[in-house]
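Colleague: Okay, handing you the structure first.
The values are calculated or read from the model by the stated rules, or taken from the named source; none is laboratory data. Note that the coordinates shown come from a computational prediction; the quantities given were computed from them, not determined experimentally. Positions of Cβ are backbone-derived with ideal geometry, glycine not excepted, and every protein chain shown enters the neighbour counts. We work out accessible area using only protein heavy atoms, side chains counted, and drop any ligands, DNA or RNA first. Shrake-Rupley method; radii C 1.70, N 1.55, O 1.52, S 1.80 Å.
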Amino acid sequence: MKSRSKCRKPTSLRCNAGSRYSTSVVIFCLLGCLFLLNLYSYTHYKDRNGGESQLRLSRHPQFRELQEVEEENIQIPPPRGKRSPRAAKRRPKKKTTLIDEFLDENSQLRHVFFPGHKRAIDPLQTSANESYYYYPGRIWLDTDGNPIQAHGGGILYDKNSRTYYWYGEYKDGPTYQVHNKGAARVDIIGVGCYSSKDLWTWTHEGIVLAAEETNETHDLHKSNVLERPKVIYNERTGKYVMWMHIDDANYTKAAVGVAISDRPDGPYDYLGSQRPHGCESRDMTVFKDDDGVAYLIYSSEDNSELHIGPLTVDYLNVTSVMRRILVGQHREAPALFKHQGTYYMITSGCTGWAPNEALAHAAESILGPWETIGNPCIGGNKVFRLTTFFAQSTFVLPLPGFPGSFIFMADRWNPADLRESRYVWLPLIVAGPVDQPLEYSFEFPLWSRVSIYWHRKWRLPHGWNGFI
Ligand code: GAL
């Protein structure tokens, strides 16, 4: 026993020295592997994103203009009415924030968020040097001189007619509440449709899917809810297919509806509604991939997660395939797009008509996993960035001919008078490294930063001719 214990000591010493040595070797090997992996993923990342050409694109003067960081310094006016010093002492006044001002219908800053009709964008009356400029938040007139009514909307580029079609909620009716705690609403009027060749001058094509006036059991009865309509074209069937959020006034039905037409400008025949995959569906969108497969993406489980699944080949139904994504993240207003093989999505938080912080997400495969890559908003000021420039995402439109550049389309809701809600369109650029490393590894992410740049006024790059 003794002799055994004697010889065990030096052995164990040797073992320790050996294990220390091998631990360092293992650590060195691991670090080496990690370095090589990073190097590989970085070159891969550069290649996937067009490497130098992507960098060159962002150095192009036209793009530099879009990517200029524009600050906003809005002074909050002093509170109206004098308060006695004693009263002020009794109840210390809460500091008014820019969000309070935005939500206050009587705010002295109302004109900053909702400029009046005098400052409307009227493409037919605009001087040459002001033409093609977007002014986020201003009233935007169609070619008849009426404010465009296409809220919660999306755009289809129709290759057949080389025309853009903008579909959205036609909300030109009185705003009211069904009951005290209910959300402000406008009765369904229908889906407004506008056509354009240049994405700036829009002609009203009419209400392409209208409310049902008399039959109270119909989904489209005016007392119900029709929101976020989106249209995709099916090459196989030659049909234009519209998907939309269908609900009752209390948002308990939580369904999606489908309508179909032979023409982009309708009229659309309503086919009915369903709870997709047997699940609640509220804010939603559809996305058509390069291979022609289309997907439905919707907020579900009390808006706590999003669901995504492919549609059938005719785009008229969902299939049995569905993935739960961004589980527990409480996101809505999804707007999906793709750049160089990677899928991106912008979502909002869930605060009804009130604005909140947008987040960008990315995925290698459309069915996930999806990674949240942060707030895409740049410029304005902190409150602007935390409120998505006082707006909520609805759609992201690729700019043909300018890979990596998109138009971010959002709604600046006016719950006091929903028909007076405004459009916030801003340049969205996918380029450069993301702010944070991947949550689950030390690797360089395989996707790029998504940036939405605030501009008080901006226009599309010169040379953009509108067509694919
Ligand atoms: C928002 C949603 C809008 C609308 C609104 C009603 O959260 O994005 O589309 O449904 O709630 O309060």
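Colleague: How high is the FRET efficiency between ILE76 and VAL313 when r is their beta carbon distance and R₀ equals 60 Å, given to the nearest 0.05?
Modeller: Efficiency at R0 = 60 Å is approximately 0.65.
Colleague: Just to check I understand the Karplus step: with θ = phi - 60° and J = 6.51 cos²θ - 1.76 cosθ + 1.60, what whole-Hz values come out for the stretch 98-115, glycine and proline as x?
Modeller: 5, 5, 4, 4, 4, 7, 8, 4, 9, 4, 5, 9, 3, 5, 5, 8, 10, x
Colleague: Can you give the FRET efficiency to the nearest 0.05 for ASN375 and ASP417, using r as the Cβ-Cβ distance and R₀ = 30 Å?
Modeller: It comes to 0.55.
Colleague: If you don't mind, there's one more thing I want to ask. So who's got an amide H within less than 5 Å of the one on LYS253, skipping anything under 5 residues away but keeping other chains? H placed 1.01 Å off N, in plane.
Modeller: ASP248
Colleague: Please give the charge dipole size of the stretch 150-301, origin at the Cα centre, charges +1 on K and R Cβ atoms and -1 on D and E Cβ atoms. Round to the nearest 20 debye.
Modeller: 180 debye
Colleague: Can you sort LYS222, LYS230 by 1.4 Å-probe accessible area, starting with the largest?
Modeller: From most exposed to least exposed: LYS222, LYS230.
Colleague: Across the stretch 209-270, how large is the tail of the calculated P(r) beyond 16 Å, expressed as a percent of all Cα pairs?
Modeller: 45 percent
Colleague: Which whole-number percent is the relative contact order of the stretch 273-327 (Cα, under 8 Å, 6+ apart)?
Modeller: Once normalised by length, the contact order is 27 percent.
Colleague: Any chance you could run the full-extension gain for ASP172 through ASP198? It's 0.36 nm times the residue separation minus the Cα-Cα distance, nm to one decimal.
Modeller: Contour length minus Cα-Cα distance gives 6.9 nm.
Colleague: For the stretch 148-329, what is the per residue volume of the convex hull drawn over the alpha-carbon atoms, in cubic angstrom?
Modeller: Spelled out: Cα convex hull of the stretch 148-329, divided by residues, is 126 Å³.
Colleague: Of ILE308, ILE189, which has the most accessible area with a 1.4 Å probe, and how do the rest follow in descending order?
Modeller: ILE189, ILE308
Colleague: Determine the order of ARG385, ARG275, ARG282, ARG263 by accessible area, beginning with the largest, at a probe radius of 1.4 Å.
Modeller: Ranked list, largest accessible area first: ARG263, ARG275, ARG385, ARG282.
Colleague: Another question, if that's okay. Quickly work out the ASN146-to-LYS159 label distance, labels modelled 7 Å from Cα along the C-beta direction, and quote it in nm with one decimal.
Modeller: Result for the modelled spin labels: 3.3 nm.
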